[in-house]
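Single-structure report; data block below.
The values are calculated or read from the model by the stated rules, or taken from the named source; none is laboratory data. Everything numeric in this text was worked out from a predicted model, so none of it was measured. With ideal geometry, Cβ positions are generated from the backbone for all residues, glycine too; neighbour counts draw on all protein chains shown.
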Amino acid sequence: MAAAGPVHEALAALELVDHHCHGAVTADLSFEEFESLLTEGEAWPGVSPFDSPVGIAVRRHCAPLLDLPRHAPPDAYVARRAELGWREVNRRFLTAAGVGTFCVDTGHTPRPLTSPAELAEASGAAAYEVVRLERIAEEAAARGVEAGEYAAVFRAAAEEAVRRPGVVAVKSVAAYRTGFALDPERPSDAEVSVAAQRWLTAGGRLADPVLVRHLLWTAVGLGLPLQLHTGFGDADLRLHRADPALLTDWLHRVAGTVPVLLLHCWPYHRQAAHLAAVFERVYLDVGLALHHTGPTRARVVLEEALEITPFRKLLYSSDAYGVAEFHHLGALCFRQGLAELLRHRVEADELSLSDALRIASWTGRDNARRLYGPPVSEPARDLRGRPTRKV
């Protein structure tokens, strides 16, 4: 990123905390496989994901890290990727991201991905785990459980999962499974047993509204920060049900308990901003939208998110999944978009330079450190426990 003043320089040098992401693939990718990972949708005949804002951004901002010219053609890009091999590709993009700490959702693995430890090794950063609760529930059901015992078994399994070394948060994908237009009350034991019998008999994914409510209330009892996917996602999502404003009544009931992190949010980032402005323990990011809009429009998304959001309530995430390009591109879009936003406000005398630098540090790193606490606030270390330093 070309520096354009003290705010750009500060953000370029800042070791980010990526408070929500996934692993990178551990295999070389064909052209078609790579295309499929560029999009939240599909690669349709005659419509390449390279011909989209994110595809253009990859060719412009990621190609040079593969020793290619900017705007390299798609076939040359994927061929160079294969020539280098997935390990070297992952190393280059993960280190270029300038992230000191990754918080990694390990619950979505339709293809082999780097574990948090492998992500740490490839990047030279620290990496910690975010436990996806739907996966815990489904694994408990797969082991065999009586409907009347489901609540206790799931709770015990969740408690065991969050005690694993390196776990810093839990996550729910309720937005995908039921949406947020749920009864906000905690379900009774009898309701949970009836719903569990219904689910265990039918099988499949956890998508029963009563059991999703039970999962959310169980999450609150675990005491760790709770991440919730909201807004933009893949075709499995019903977007109108993923508006975080639908959580308002539930947020009233859980106020004062655990931090609730609203992930991604776009196009509902203004609704998320409202919730962060009126609920003490609600926070947000606009992670997934940043690399899908590209560096130029990332500023606009961040500006809209920060219209009313308190500056201690916005965090950085990439939500990178599959291709390590997204770990790098998410960080680049965040740094450039936020730097331009803050520079403009300083030049308009709406912010002092010292305030702009504080906001940059808060949103890129310190807000996450404050929420997740140790070990996220500790220096990044290599696999031998030695402090590392980004170059």
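To keep it simple, each residue is scored yes or no on (1) farther than 27 Å from Phe93 by Cα; (2) among the hydroxyl-bearing types (Ser, Thr, Tyr); (3) modelled with pLDDT under 95.
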site	(1), (2), (3)
Phe311	yes, no, no
Ser318	no, yes, no
Glu350	yes, no, no
Gly373	no, no, yes
Thr388	no, yes, yes
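Hey, could you check the range 225-282 for residues that are among the hydroxyl-bearing types (Ser, Thr, Tyr) and in a loop (DSSP other than H, G, I, E, B) and say which is surrounded by the fewest Cβ atoms within 10 Å (Cβ to Cβ)?
At the first step, the residues of the range 225-282 found to be among the hydroxyl-bearing types (Ser, Thr, Tyr) are 230, 248, 257, 268.
If we keep only those that are in a loop (DSSP other than H, G, I, E, B) as well, we get 257, 268.
Working: Thr257: 14, Tyr268: 23.
Applying the filter and picking the extreme gives Thr257.
What's the number of the condition Thr178 fails, among (1) polar (S, T, N, Q); (2) under 17 Å from the mean Cα position of the chain (by Cα); (3) more than 25 Å from Leu66 (Cα to Cα)?
Looking at each condition in turn, Thr178 falls short on (2).
For every residue, the table says whether it meets (1) in contact with an Asp or Glu (Cβ under 7 Å, 6 or more places away or on another chain); (2) at pLDDT 95 or above; (3) polar (S, T, N, Q); (4) closer than 14 Å to Val78 by Cα.
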| site | (1), (2), (3), (4) |
| --- | --- |
| His22 | yes, yes, no, no |
| Ser30 | no, yes, yes, yes |
| Glu40 | yes, no, no, no |
| Ser52 | no, no, yes, no |
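Please pick out the residue among Val54, Val58, Val89, Val78 that is buried (at least 16 other Cβ atoms within 10 Å of the Cβ) and either part of a strand (DSSP E or B) or free of Cβ contacts under 8 Å to residues at least 60 places away in the same chain (or both).
Unique residue meeting the criteria: Val78.
Tally time: how many residues in the range 164-178 are crowded, with 22+ Cβ neighbours inside 10 Å and among the basic types (Lys, Arg)?
Of the residues in that region, 1 qualify.
Return the residues of the range 283-298 that are part of a loop (DSSP other than H, G, I, E, B) and either of a type in the set (Lys, Arg) or buried (at least 24 other Cβ atoms within 10 Å of the Cβ) (or both); say none if nothing qualifies.
Asp285, Val286
Can you tell me which residue in the range 299-313 is nearest to the chain's Cα centre (by Cα), limited to those that are part of a helix (DSSP H, G or I) and of a type in the set (Val, Ile, Thr)?
Val301
Among Ala219, Ala196, which is in contact with a strand residue (DSSP E or B) (Cβ under 6 Å, 6 or more places away or on another chain) and assigned to a helix (DSSP H, G or I)? So that I can check it myself, show each step before the final result.
Working: Ala196 fails: in contact with a strand residue (DSSP E or B) (Cβ under 6 Å, 6 or more places away or on another chain).
Criteria check complete, one pass: Ala219.
Quick one: which residue in Leu29, Leu68 is free of Cβ contacts under 8 Å to residues at least 40 places away in the same chain, assigned to a loop (DSSP other than H, G, I, E, B) and either outside the structural domain of Phe326 (by TED's automatic domain parsing) or among the aliphatic types (A, V, I, L, M) (or both)?
After ruling out the rest, the residue left standing is Leu68.
Could you tell me whether the range 93-115 includes any residue that is outside any loop (DSSP other than H, G, I, E, B), closer than 14 Å to Thr26 by Cα, touching a residue at least 40 places away in the same chain (Cβ under 8 Å) and not hydrophobic (A, V, I, L, M, F, W, C)?
No, the range 93-115 contains no residue that is outside any loop (DSSP other than H, G, I, E, B), closer than 14 Å to Thr26 by Cα, touching a residue at least 40 places away in the same chain (Cβ under 8 Å) and not hydrophobic (A, V, I, L, M, F, W, C).
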